[in-house]
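Notes to accompany the following structure.
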Amino acid sequence: MTATPVTLNDVCLFIEDCLHATAPTQEDGFPLIRTPNVGKGRLILEDVYRISQETYDKWTRRARPEPDDLILAREAPAGNVALITEGQEVALGQRTVHLRPDRVQVDPTYLCYYLLTPRMQGALLAGETGATAKHVNMKDIRRLVLRSLHDRDSQTRIAVAITGFDGLIENNRRRIKLLEEAARLIYREWFVHLRFPGHALAKVNNGLPEGWERVEIGNVSPFSYGKGVREHERIPGNVPVVSSSGRMATHNKALVQGPGLVIGRKGNVGTVHLILPDFWPTDTAFYVSGIADIGYLYHAFQSAGFVNTDVAVPGLNRDFAHSRKIVWPTKELRKQFSEMVMSHAAMQFTLERASAKLESARDLLLPRLMSGEIVV
């Protein structure tokens, strides 16, 4: 390990702030990395905003992000650092910072995880104030002191050990995505294009096969309001607390018996989350549970056209949501599709739990590797 402390600026070719402007976005194109897209070690590209070639060229004119560069979040969540990997052509959104490590001095993967250790996170977020902050200043980033860096060869060995965990986590993420995509494609094939099992023999009237109908959601699956549970009221446990944006915490008791659906009411209006275990939906969401067709409804709700309808306080109005119509196929088809969805969801749940254990093991190992307590 190095005896003489160096700063983050010393081991980087450059540290560049983002453009302080809002980029115009579009349906497809280059990923625009905002702070929610900066995870711990990797970029989170699900639901990422996208920009055109013209915007990408403008937003990367200072420096074009390359593989092995780092992106640091200055706010929400402040301090997260992610490594750009091969094939990721991205641009920086607001409140992010672009770092290019000097590979002669430091392994980029090692530096990424070094910055994520509890000791360095504390130093980064405290800055010159000495108190944990929600915002990281550029001068504090550049002046951040790196103590006890490993020699270059040891850095590479540590990086390989850590990325072994991340490789398994990423593999699980891909498998989850494939399961989700398979269910979406089958839903579209069966219930949009009407190529369901036995479709060749089905009679079609007014655009729907015989035995199908269009129903208002409120008549088949009325929404219930979630209930707020404040942070100081939560007791950590195995029960997921679910808001309009998804799982946000845990609690030791449930409000609703699973499986069920959580539908965004405030904030992320109209988002739909399938939850298998008993859960606690917050007051930013509606929920549905105790219905046999949960698997089918999960996909039907995603195409129901839930939009913001409350003018004074933006959100999804329950009466409006109940009035939306969805295709209601035969009981046999709903059952067949729901069973497939729930089977996929069970596999996804298993993979998510496995990834959570891998992340815990990695986070436990990380400071010990960086401190030299464990040698590789």
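The values are calculated or read from the model by the stated rules, or taken from the named source; none is laboratory data. All values reported here derive from a predicted model rather than from experimental measurement. Counting neighbours? That spans all protein chains shown, and the Cβs are built from the backbone with ideal geometry, glycine included. Heads up: the accessible areas ignore ligands, DNA and RNA and are worked out on the full protein's heavy atoms, side chains in. Shrake-Rupley method; radii C 1.70, N 1.55, O 1.52, S 1.80 Å.
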Looking only at region 222-272, which residues are surrounded by fewer than 21 Cβ atoms within 10 Å (Cβ to Cβ) and of a type in the set (S, T, N, Q)? S224, N238, S245, T250, N252, Q257, N268, T271
Is it the case that V241 is out of contact with any helix residue (DSSP H, G or I) (no Cβ under 8 Å at 6 or more places or on another chain) and of a type outside the set (D, E, K, R)? yes
Is there any pair with a first residue in region 36-52 that is open to solvent by 60 Å² or more (accessible area, probe 1.4 Å) and a second that is among the acidic types (D, E) and not in a loop (DSSP other than H, G, I, E, B) whose Cβ atoms are under 9 Å apart and which are 6 or more apart or on different chains, and what are they? K40/E359; K40/D363; R42/D166; R42/E170
When D278 is evaluated against the numbered criteria (1) of a type outside the set (A, V, I, L, M); (2) without any contact (Cβ under 8 Å) to a residue 40 or more places away in the chain; (3) over 19 Å from A345 (Cβ atoms), which criterion, by number, is the only one it fails? (3)
Every residue in region 321-369 that is over 21 Å from E181 (Cα atoms), assigned to a helix (DSSP H, G or I), open to solvent by less than 70 Å² (accessible area, probe 1.4 Å) and in contact with an Asp or Glu (Cβ under 9 Å, 6 or more places away or on another chain), please. H322, S323, L358, R362, P367
If I filter region 177-204 down to residues being in contact (Cβ under 8 Å) with a residue 24 or more places away in the chain and among the small types (G, A, S), which single residue comes out as surrounded by the most Cβ atoms within 10 Å (Cβ to Cβ)? A183
Counting only residues that are surrounded by fewer than 20 Cβ atoms within 10 Å (Cβ to Cβ) and in a loop (DSSP other than H, G, I, E, B), how many does region 76-130 have? 19
Are any residues in region 139-156 among the basic types (K, R) and loosely packed, with under 15 Cβ neighbours inside 10 Å, and if so, which ones? K139, R143, R147, R152
Would you confirm whether or not region 4-19 contains a residue that is in contact with a Lys or Arg (Cβ under 7 Å, 6 or more places away or on another chain), closer than 30 Å to S148 by Cβ, open to solvent by 80 Å² or more (accessible area, probe 1.4 Å) and modelled with pLDDT of 95 or more? yes
Do we have F301 as in contact (Cβ under 8 Å) with a residue 24 or more places away in the chain, among the aromatic types (F, W, Y), open to solvent by less than 50 Å² (accessible area, probe 1.4 Å) and not in a helix (DSSP H, G or I) here? no
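Evaluate the following for V311: is it under 29 Å from D283 (Cα atoms), within 29 Å of the chain's Cα centre (by Cα) and at pLDDT 95 or above?
Values: under 29 Å from D283 (Cα atoms): yes; within 29 Å of the chain's Cα centre (by Cα): yes; at pLDDT 95 or above: no.
Taking the combined requirement at face value, the residue does not satisfy it.
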Within region 149-161, identify whether any single residue is closer than 30 Å to E16 by Cβ, outside any helix (DSSP H, G or I) and not aliphatic (A, V, I, L, M), and answer yes or no. yes
Over region 304-320, the set of residues farther than 16 Å from S244 by Cα, open to solvent by 80 Å² or more (accessible area, probe 1.4 Å) and among the aliphatic types (A, V, I, L, M) is V311, A312
Take the residues in region 84-114 that are in contact (Cβ under 8 Å) with a residue 24 or more places away in the chain and charged (D, E, K, R), then tell me which one is nearest to V6 (Cα to Cα). D102
Hey, does region 222-234 have a residue that's among the small types (G, A, S) and in contact with a Pro (Cβ under 6 Å, 6 or more places away or on another chain)? yes
Which ones in region 205-218 are without any contact (Cβ under 8 Å) to a residue 24 or more places away in the chain and either in contact with a Pro (Cβ under 6 Å, 6 or more places away or on another chain) or open to solvent by 90 Å² or more (accessible area, probe 1.4 Å) (or both)? N205, N206, E210
Filter pass, A292 being in a loop (DSSP other than H, G, I, E, B) and either surrounded by fewer than 18 Cβ atoms within 10 Å (Cβ to Cβ) or hydroxyl-bearing (S, T, Y) (or both): yes
